Amino acid sequence: MSAESLESIAAAMIAPGKGILAADESSGTIKKRFDKINLESTAESRRGYRDLLFSTPDMAKSISGVILYDETLRQKTAAGVPFPTYLASMGVVPGIKVDAGAKALAGFPNETITEGLDGLRERLIEYYGLGARFAKWRGVIDIGAGFPTAYAIHANAHALARYAALCQEQKIVPIVEPEVLMDGAHTIERCEQVTNDVLAEVFAQLHAAGVRLEGIILKPNMVISGKQCTQRATPAQVAAATLRCLKRHVPGAVPGIAFLSGGQSPAEAALHLSLMNASKNLPWQLTFSYGRALQDAALTAWGGKSGNEAAGQREFARWARMNSLARTGGYQAGMEQQAA
């Protein structure tokens, strides 16, 4: 596949007014979500929940792509249509999570390295055949006393670059996700410092690996206070610090930046994105790649109960619309209540 084709896929993923649904929860993670609504996590209940989301009326007006889990990529709609085929028929790009999760980094307490490079080329070949046109790999950087270390940042950036190069070799657009966690009591200034270091190393490694920046999507954290920080930054401060950091480190060749929500509430994630998009003349599209921020209200409204599917879809559609507004700087705090 030519570079132009990779670029066209990336362009579809960051289409104006749309964003990406992260529906790539592992079986373990979605079990925790289902436990909260007293629903047993089975292959069929997981399939049914994803089917509910994907069949939401007019989903494609706000959603440009969906990140799937290995199991979900192989599942079908209630009508028997493979999920990747169904999504593509609506103009929604199917994607796949390919990393094997963050594991303890030997010799570096409190730090992790994301695994999954072994056999990745072969898995990407299979995933492409199943319909995936983009992939996602998450590197996790935590903040605490004495960490992150330069070595942990380097190791995760190197793995992200190797993954991205393999994706592009196999005609798949890589979402490059270096996440600085918002757990902990660190200030927004500390988050900005670490995010600066992480993005600098990520782009150095992408360059060294020969990754074509026009054919990637960056999925970073927002620069934000830790959850336990007693001095919470304002939304305006979050937007300003995040843009400042991105302008320092993200080349204009990158077509789009799809933020993760990282534990923010749905309203916080939408407002921060909207405030950033109120800035003009940015070199990249700023969009969203949210999981919980798009799904939490839908999961609660559905509750795993037959007959509640429409209620769940309404909540998912509502938050998808709010973030669609945020793509143009048009979301304001409280708008979701008027749209209920």
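Assorted remarks:
- Taking 0.36 nm per residue of separation and subtracting the Cα-Cα distance, full extension of the segment from Ser8 to Thr42 would add 8.6 nm.
- For the range 3-338, relative contact order (Cα pairs under 8 Å, six or more residues apart, normalised by length) works out to 18 percent.
- Residues Gln332 and Tyr151, FRET efficiency given R0 of 51 Å [Cβ-Cβ distance, rounded to 0.05]: 0.75
- Two tests apply to each whole DSSP H helix in the chain, Cα reach of 27 Å or more along its axis and mean Kyte-Doolittle hydropathy of at least 0.0, and the ones passing both are 150-169, 188-208.
- Gain in span if fully extended, Arg74 to Arg232, counting 0.36 nm per residue against the direct Cα distance: 52.6 nm
- For Asn110, residues with placed amide H under 5 Å, excluding near neighbours: none
- Euclidean distance of C-alpha centroids, the range 198-236 and the range 120-158, integer Å: 13 Å
- Annotation: amide H of Ser64 within the under-5 Å range of Gly19, Ile20, Leu21, sequence separation 5 or more or interchain, hydrogens built in the peptide plane.
- One chain, two ends: Ala106 and Thr300. Fully extended at 0.36 nm per residue, the span grows by 65.9 nm beyond their Cα-Cα distance.
- Proximal aspartates and glutamates to Lys171, defined as alpha-carbon separation beneath 19 angstrom and excluding residues fewer than eight positions away on the same chain: Glu4, Glu7, Asp70, Asp99, Asp118, Glu122, Glu126, Glu214
- Of Lys18/Lys97; Lys247/Lys280; Lys36/Lys219; Lys97/Lys219, pairs whose Cα-Cα distance is over 24 Å: Lys36/Lys219
- In this rough spin-label picture, where each label sits 7 Å from Cα along the Cβ direction, the Ser265-Asn196 distance is 3.1 nm.
- Less than 5 angstrom separates the built amide H of Ala258 from those of Leu218, Lys219, Thr287, all sequence-distant by 5 or more or on a different chain.
Laboratory data are not the source of any read-out in this text; all were calculated from the coordinates shown. All values derive from a computational prediction rather than experimental measurement. Cβ sites come from the backbone with ideal geometry, for glycine too, and all protein chains shown count toward neighbours.
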